[in-house]
Amino acid sequence: MSGLAAGIRLALFGHKVLILERHNAPGGLNSFYSFDGRKFDVGLHAVTNYVEKGVKGTPLGKLFRQLRIRREDFGLCPQMGSRVSFPGIDLRFTNDVAVLQSEIEREFPRQIDNFRQLVREIETHDPFRLDDIETSARETVARFITDPLLLDMLFCPLMYYGSAREMDMDFGQFAIMFKSIYLEGFARPFDGVRRIIRVLLARYRDLGGERKMKCGVRKIHTSNGRAHELLLDDGQTITADHVLSSIGRVETERLCDDLPPESGKANIGRLSFIETINIFDRQPAELGWEDTIIFFNDHERFIYARPEDLVDPRSGVICFPNNYQYGSGQTLAEGVFRVTCMADFDGWSALHETEYRAAKKIWHEKLAHKAMEFLKPVPPKTLDDCTIYRDMFTPRTIKKYTGHLGGAVYGASEKVKNGHTHLQNLYLCGTDQGFLGIIGAMLSGISMANYHILRKT
């Protein structure tokens with residue numbers, strides 16, 4: 001998404017742009033795949049930062065202006081409503097922050113004034129400053145929210161949707177995610193991520209941008225502190241005045257021939273995920289399940305860290321793509337039930353193929369059973385009666401199709417907000433620049449194109 005957005009922004013101003021994609025489908029971490037006649041989104045549970053038409057000064061509005069794309073082209077449909085579910089307590093939230101405030105006032109009456117102060121602090125914070133100094137979000141937010149349970153409940157969705165760090169996140173990233181989820185909200189195109197990708201590709205093509213699919217970069221040859229030449233997977237070499245890389249910080253460094261092959265080892269992300277998918281023969285609402293997304297935790301404290309086992313089922317995310325406010329007559333043909341939990345990349349990678357397939361089957365059943373604990377009303381004992389298809393992906397899948405070392409969805413724990421690398425004309429955009437989520441990724445590409453190239457040319 002960041003590469004597509006950067007390409008569009010540069011092409012708008014007459015630059016000759018080439019996008020290189022190693023995979024056979026565009027979109028990177030937010031793409032899709034087809035299997036047995038069905039199309040599945042990967043990554044996309046929701047587009048964050050959703051606001052109604054006419055709301056000024058938001059990331060979504062900035063995105064459309066910078067790319068000169070019509071809002072209607074994305075076809076965003078708002079969520080029905082989501083919740084954070086911990087033992088004995090639920091906090092509902094929608095795209096209206098007043099709902100969350102009323103929930104906190106009911107469940108944590110002594111914290112509501114503190115929450116309002118936190119909201120004011122975040123509203124005045126500019127998280128998109130490229131020179132912002134990183135600080136601990138846990139420490140900063142704890143100055144406002146003094147109840148550890150509420151602290152964990154507020155952090156749970158934000159960390160699952162945007163933290164590359166174990167047990168904490170940068171306060172700037174926290175502010176971005178807080179605004180995008182709690183102060184703005186969730187939405188989704190009826191066709192899923194495919195619609196957004198189609199719009200971006202059409203815009204890029206209309207501006208004369210070029211693409212080369214199934215062809216990544218094998219090596220970056222350097223000279224005099226610059227990226228001198230790119231060696232591609234097909235053996236071709238190309239040159240460019242500027243190179244933006246969205247593949248990750250460590251992954252980019254390891255392509256450079258002036259750095260050691262194991263460069264950046266300490267900064268490889270530790271956090272990866274597993275996701276199971278059940279396809280139903282009916283709508284989730286027919287089973288009484290009308291939440292859009294549920295962030296759950298069954299432990300005394302919320303633990304956001306690489307698990308010691310293959311999967312940590314104590315917390316996770318349940319997503320029902322059916323439960324958005326689609327237009328009249330628009331209903332997904334089949335029910336979709338997705339469960340996401342943290343997983344150990346090394347453990348999954350060490351399994352032999354037979355063990356791997358067996359582990360997938362075991363954990364698919366375990367996560368379905370765990371998710372049942374957080375669905376209301378009480379569900380049937382098994383999903384078998386309504387499930388007509390199953391699939392899942394693991395950290396191994398993520399590494400195979402995205403190239404992210406360690407299967408790290410959110411990349412390196414240490415971000416580079418200004419996008420600089422050790423080379424004068426090589427810049428980072430996307431996950432390791434630090435703006436996460438679909439909207440954040442596109443704004444990252446735009447910001448890096450503006451900052452490093454357009455303002456100089």
Q. So, in the stretch 200-213, of the ones that are more than 11 Å from Leu4 (Cβ to Cβ) and surrounded by 14 or more Cβ atoms within 10 Å (Cβ to Cβ), which residue ends up farthest from the chain's Cα centre (by Cα)?
A. Leu207
Q. Looking at the stretch 313-335, which of the residues that are over 19 Å from the mean Cα position of the chain (by Cα) and in a strand (DSSP E or B) is farthest from Trp363 (Cα to Cα)?
A. Gly335
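Residue-wise test of (1) aromatic (Phe, Trp, Tyr); (2) closer than 21 Å to Gln173 by Cα; (3) assigned by TED's automatic domain parsing to the domain that holds His228; (4) in contact with a Lys or Arg (Cβ under 6 Å, 6 or more places away or on another chain).
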| position | (1), (2), (3), (4) |
| --- | --- |
| His369 | no, no, no, no |
| Cys386 | no, no, no, yes |
| Thr421 | no, yes, yes, no |
| Gln424 | no, no, yes, yes |
| Phe435 | yes, yes, yes, no |
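Can you tell me which residue in the stretch 227-252 is surrounded by the fewest Cβ atoms within 10 Å (Cβ to Cβ), limited to those that are farther than 15 Å from Asn425 by Cβ and out of contact with any helix residue (DSSP H, G or I) (no Cβ under 9 Å at 6 or more places or on another chain)? Working first, answer last.
Residues of the stretch 227-252 farther than 15 Å from Asn425 by Cβ: 231-237, 246-251.
Keeping just the survivors that are out of contact with any helix residue (DSSP H, G or I) (no Cβ under 9 Å at 6 or more places or on another chain) gives 231-237.
Values: Leu231: 16, Leu232: 16, Asp233: 14, Asp234: 10, Gly235: 8, Gln236: 11, Thr237: 12.
Ranking the candidates gives Gly235 first.
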Q: With the condition kept exactly as written, say whether any residue in the stretch 47-56 is assigned to a helix (DSSP H, G or I) and either within 30 Å of Pro109 (Cβ to Cβ) or under 20 Å from the mean Cα position of the chain (by Cα) (or both).
A: no
Q: State all residues of the stretch 150-175 that are touching a strand residue (DSSP E or B) at 6+ places or on another chain (Cβ under 9 Å) and either over 23 Å from Ala412 (Cβ atoms) or outside any loop (DSSP other than H, G, I, E, B) (or both); if no residue qualifies, say none.
A: Leu150, Asp152, Met153, Leu154, Cys156, Pro157, Tyr160, Asp170, Phe171
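For (1) under 22 Å from the mean Cα position of the chain (by Cα); (2) under 30 Å from Glu251 (Cα atoms); (3) among the polar types (S, T, N, Q), each residue gets a yes or a no:
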{"site": "Ile362", "(1), (2), (3)": "no, no, no"}
{"site": "Asp384", "(1), (2), (3)": "no, no, no"}
{"site": "Ile439", "(1), (2), (3)": "yes, yes, no"}
{"site": "Ser447", "(1), (2), (3)": "yes, yes, yes"}
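Quick one: which of Ile388, Ile439 is assigned to a strand (DSSP E or B) and aliphatic (A, V, I, L, M)?
Details: Ile439 fails: assigned to a strand (DSSP E or B).
Only one candidate qualifies: Ile388.
Select from the stretch 332-359 the residues that are of a type in the set (Val, Ile, Thr) and either outside the structural domain of Arg390 (by TED's automatic domain parsing) or under 11 Å from Arg396 (Cα atoms) (or both) and list them in ascending order. Break it down stepwise before answering.
Keep residues of the stretch 332-359 that are of a type in the set (Val, Ile, Thr), which gives 336, 339-340, 354.
If the condition is that a residue be of a type in the set (Val, Ile, Thr) and either outside the structural domain of Arg390 (by TED's automatic domain parsing) or under 11 Å from Arg396 (Cα atoms) (or both), then no residue fits.
Quick one: which of Glu123, Glu139, Glu134 is assigned by TED's automatic domain parsing to the domain that holds Gln173, under 30 Å from Gly419 (Cα atoms) and either touching a His at 6+ places or on another chain (Cβ under 9 Å) or not in a helix (DSSP H, G or I) (or both)? Spell out how you get there, then give the answer.
On the way: Glu123 fails: either touching a His at 6+ places or on another chain (Cβ under 9 Å) or not in a helix (DSSP H, G or I) (or both); Glu139 fails: either touching a His at 6+ places or on another chain (Cβ under 9 Å) or not in a helix (DSSP H, G or I) (or both).
Testing whether each residue is assigned by TED's automatic domain parsing to the domain that holds Gln173, under 30 Å from Gly419 (Cα atoms) and either touching a His at 6+ places or on another chain (Cβ under 9 Å) or not in a helix (DSSP H, G or I) (or both) leaves just Glu134.
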Q | Residues that are touching a helix residue (DSSP H, G or I) at 6+ places or on another chain (Cβ under 7 Å) and aliphatic (A, V, I, L, M), drawn from the stretch 86-118 | A | Ile89, Leu91, Val97, Leu100, Ile104, Ile112, Leu118
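Here is a yes/no grid of residues against (1) more than 16 Å from the chain's Cα centre (by Cα); (2) in contact (Cβ under 8 Å) with a residue 24 or more places away in the chain; (3) not in a loop (DSSP other than H, G, I, E, B):
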position: Arg396; (1), (2), (3): yes, yes, yes
position: Tyr401; (1), (2), (3): no, yes, yes
position: Glu414; (1), (2), (3): yes, yes, no
position: Gln424; (1), (2), (3): yes, yes, no
position: Tyr427; (1), (2), (3): yes, yes, yes
position: Thr431; (1), (2), (3): no, yes, no
Q.
Any residue that is modelled with pLDDT under 95 and either in the same structural domain as Leu383 (by TED's automatic domain parsing) or of a type in the set (A, V, I, L, M, F, W, C) (or both) - is there at least one of those in the stretch 307-327?
A. yes
Q. When the residues of the stretch 188-199 are filtered to those that are of a type outside the set (Val, Ile, Thr) and surrounded by fewer than 23 Cβ atoms within 10 Å (Cβ to Cβ), which remaining residue is farthest from Ile145 (Cα to Cα)?
A. Arg198
Q: Identify all residues within the stretch 183-199 that are over 15 Å from the mean Cα position of the chain (by Cα) and of a type in the set (Phe, Trp, Tyr); write none if there are none.
A: Phe190
Q: Might you let me know whether the stretch 67-81 holds any residue that is more than 22 Å from the chain's Cα centre (by Cα), part of a strand (DSSP E or B) and surrounded by 14 or more Cβ atoms within 10 Å (Cβ to Cβ)?
A: no
Q.
Restricting to the stretch 204-226, and then to whatever is part of a strand (DSSP E or B) and of a type in the set (A, V, I, L, M, F, W, C), can you tell me which residue is farthest from Ile247 (Cα to Cα)?
A. Met213
**Q.** Pick from the stretch 407-423, criterion of a type in the set (Val, Ile, Thr) and surrounded by 18 or more Cβ atoms within 10 Å (Cβ to Cβ), ranking: farthest from Thr340 (Cα to Cα)
**A.** Thr421
Q. Before we move on, is Lys381 at pLDDT below 95 and either assigned to a helix (DSSP H, G or I) or within 24 Å of Val243 (Cα to Cα) (or both)?
A. no
Q. If we scan the stretch 391-406, do we find a residue that is surrounded by fewer than 16 Cβ atoms within 10 Å (Cβ to Cβ) and either more than 24 Å from Phe320 (Cα to Cα) or in contact with a Phe, Trp or Tyr (Cβ under 8 Å, 6 or more places away or on another chain) (or both)?
A. yes
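Return the residue satisfying two criteria in turn: it lies in the stretch 32-52 and is of a type in the set (Asp, Glu) and over 20 Å from Phe320 (Cβ atoms), and of such residues it is surrounded by the fewest Cβ atoms within 10 Å (Cβ to Cβ).
Applying the first criterion (of a type in the set (Asp, Glu)) to the stretch 32-52 yields 36, 41, 52.
Now drop any that are not over 20 Å from Phe320 (Cβ atoms), which leaves 36, 52.
Working: Asp36: 7, Glu52: 11.
Here the residue is Asp36.
The values are calculated or read from the model by the stated rules, or taken from the named source; none is laboratory data. Predicted model, so just to flag it, every value in this text is computed and none were measured. FYI the Cβ positions are ideal-geometry reconstructions off the backbone, even for glycines, and counts take in every protein chain you see.
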